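Asks: Right, I'll just put the structure down here and ask away after.
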Amino acid sequence: MPALGFGSGTRSDSQEISDAVVCAIKLGYRHFDTASVYGTEAAIGAGLAQAMDAGLVTRPQLFVTSKLHSDMHDDVLGAVKSSLSNLKLDYLDLYLIHAPLKIRRTNYASFPAEEDFLPLDLRGTWQGMEECLQQGLARAIGVSNFSVKKLQDLMEHAKVIPAVNQVELHPVWQQRKLRDFCSSVGIQVVAWSPLGGLGKPWGSRSVLDNPVVQELASKYQKTPAQIILRWITTRGLGAIVKSYNPDRLAQNLQSFDFSLSEQDLAKIESIAPQERLAKWEMLCNSTTSPYKSPQELWDGEL
Ligand code: A2P
């Protein structure tokens, strides 16, 4: 999997997204990340088709990820087929369970209401994911937003170990416990919101503005984003960055043309306090959600 992925978790004009995909491919991006709930699959697919038609890239050179929305756990095959149809592809390189949550069919417009939560059956959902693999609809399957405990529970019954766990990860929330566990069992960790998720409800400047990140940006004559991305990829993790802006797409790819010293990597790793930004309180309630609190949702990893 190419370490740096093009993120599409921001809704925007379809043409802008397709143009950004073509631009990204010209710059050298090969990894594209989307999800049914983002509403961006069709625009990503149109951009990929345009690039392939123009001979810029072939399907085997691309790595395309999409995710199972929480309202489709009871029909994983139907969901993956719908994503493939939106993307105009005949297979995904990676299909992820978007979150450890099952809800009624929604209009995707907002977080679930109290009456939308359904009892979770991750074992059954994972069997559906394994079926996607068997049918060749996805070349690899994984999860997103899973704690160590949820991974362990899943792996107890899984025939196939998740290839990836895509989670919030950046200098202010480095996920040390989860990373150690994933590396011990061969699960690739991929960072979402590696730059702190500006523009999202939980987004924070505390990541790009962190004094250690800023100091290293001056020292290496790089941008804070490049310092962060270099740290992530040097540590063997993947990163999905959201931007449709050609300059920032290019800038983020230019995070590979320098090295951080071991001492400076350690400096980033000494950043304190560590804090999860996206706690997702709105997925917790004391009546219908499987999680009464963020403590339960994240199994204490906060
Ligand atoms: P924009 O969409 O205007 O390019 P994350 O991937 O951590 O969720 O962060 C996404 C946010 O980070 C977006 O607001 C995006 O802005 C911004 N962003 C992406 N690349 C950079 C960069 N190189 N420098 C600063 N901000 C960036």
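Asks: For a quick check of your reading of the model, give me the residue pairs whose first member lies in the stretch 268-291 and is at positive phi, whose second is surrounded by 18 or more Cβ atoms within 10 Å (Cβ to Cβ) and of a type in the set (A, V, I, L, M), with beta-carbon atoms closer than 8 Å and at least 6 apart or on different chains.
Replies: Listed pairs, sorted by first residue: Trp280/Leu297.
Asks: Please count how many residues of the stretch 157-189 are within 12 Å of the ligand (Cβ to nearest atom) and either out of contact with any strand residue (DSSP E or B) (no Cβ under 8 Å at 6 or more places or on another chain) or among the β-branched types (Val, Ile, Thr) (or both).
Replies: 3
This table checks each residue for (1) of a type outside the set (Asp, Glu); (2) part of a loop (DSSP other than H, G, I, E, B); (3) away from the ligand (no atom under 15 Å from the Cβ).
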{"residue": "Ile227", "(1), (2), (3)": "yes, no, no"}
{"residue": "Thr233", "(1), (2), (3)": "yes, no, no"}
{"residue": "Ile240", "(1), (2), (3)": "yes, no, no"}
{"residue": "Leu249", "(1), (2), (3)": "yes, no, no"}
{"residue": "Asp257", "(1), (2), (3)": "no, yes, no"}
{"residue": "Ala266", "(1), (2), (3)": "yes, no, yes"}
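Asks: Could you run through the stretch 1-48 and say how many residues are within 13 Å of the ligand (Cβ to nearest atom), in a helix (DSSP H, G or I) and in contact with a Gly (Cβ under 6 Å, 6 or more places away or on another chain)?
Replies: Looking only at that region, the number is 1.
Asks: Among residues belonging to the stretch 13-41 that are over 18 Å from the mean Cα position of the chain (by Cα) and farther than 21 Å from Gln251 by Cα, point out the one that is surrounded by the most Cβ atoms within 10 Å (Cβ to Cβ).
Replies: Filtering the stretch 13-41 for residues that are over 18 Å from the mean Cα position of the chain (by Cα) and farther than 21 Å from Gln251 by Cα, the one surrounded by the most Cβ atoms within 10 Å (Cβ to Cβ) comes out as Ser14.
Asks: Here is a check on your reading of the model: is Asp209 farther than 17 Å from His69 by Cα, within 16 Å of the ligand (Cβ to nearest atom) and more than 15 Å from the chain's Cα centre (by Cα)?
Replies: Judged against the criteria, Asp209 is a match.
Asks: Right, here's the next one. Which residue pairs have Cβ atoms closer than 6 Å, lie 6 or more positions apart in sequence or on different chains, and pair a first residue in the stretch 50-61 that is surrounded by 13 or more Cβ atoms within 10 Å (Cβ to Cβ) with a second residue that is assigned to a loop (DSSP other than H, G, I, E, B) and of a type in the set (A, V, I, L, M, F, W, C)?
Replies: Sorted first by the residue in the stretch 50-61, then by its partner, the pairs are Ala51/Val57.
Quick grid of which residues meet (1) in a loop (DSSP other than H, G, I, E, B); (2) more than 18 Å from the chain's Cα centre (by Cα):
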position: Val57; (1), (2): yes, yes
position: Pro60; (1), (2): no, yes
position: Val64; (1), (2): no, no
position: Leu89; (1), (2): yes, yes
position: Leu96; (1), (2): no, no
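Asks: Cβ contacts < 6 Å: first residue free of Cβ contacts under 8 Å to residues at least 40 places away in the same chain, restricted to the stretch 230-246; second residue assigned to a loop (DSSP other than H, G, I, E, B) and within 11 Å of the ligand (Cβ to nearest atom), any location; separation 6+ or different chain. Result?
Replies: Note: pairs meeting the criteria are Arg230/Ser255.
Asks: In addition: With respect to the numbered conditions (1) more than 16 Å from the ligand (Cβ to nearest atom); (2) β-branched (Val, Ile, Thr); (3) modelled with pLDDT of 95 or more, which one is the sole condition not fulfilled by Thr288?
Replies: Thr288 satisfies all of (1) more than 16 Å from the ligand (Cβ to nearest atom); (2) β-branched (Val, Ile, Thr); (3) modelled with pLDDT of 95 or more except (3).
Asks: Search the stretch 184-196 for residues that are of a type in the set (Ser, Thr, Tyr) and pair each with any residue that is more than 7 Å from the ligand (Cβ to nearest atom) and part of a strand (DSSP E or B) when their beta-carbon atoms are under 6 Å apart and the residues are at least 6 apart or on different chains.
Replies: If the second residue must be more than 7 Å from the ligand (Cβ to nearest atom) and part of a strand (DSSP E or B), the pairs left are Ser193/Glu168.
The values are calculated or read from the model by the stated rules, or taken from the named source; none is laboratory data. Being a predicted model, the structure only gives us computed values, none of them experimental. Glycine also receives a Cβ, built like all others from the backbone with ideal geometry; neighbour counts cover every protein chain displayed.
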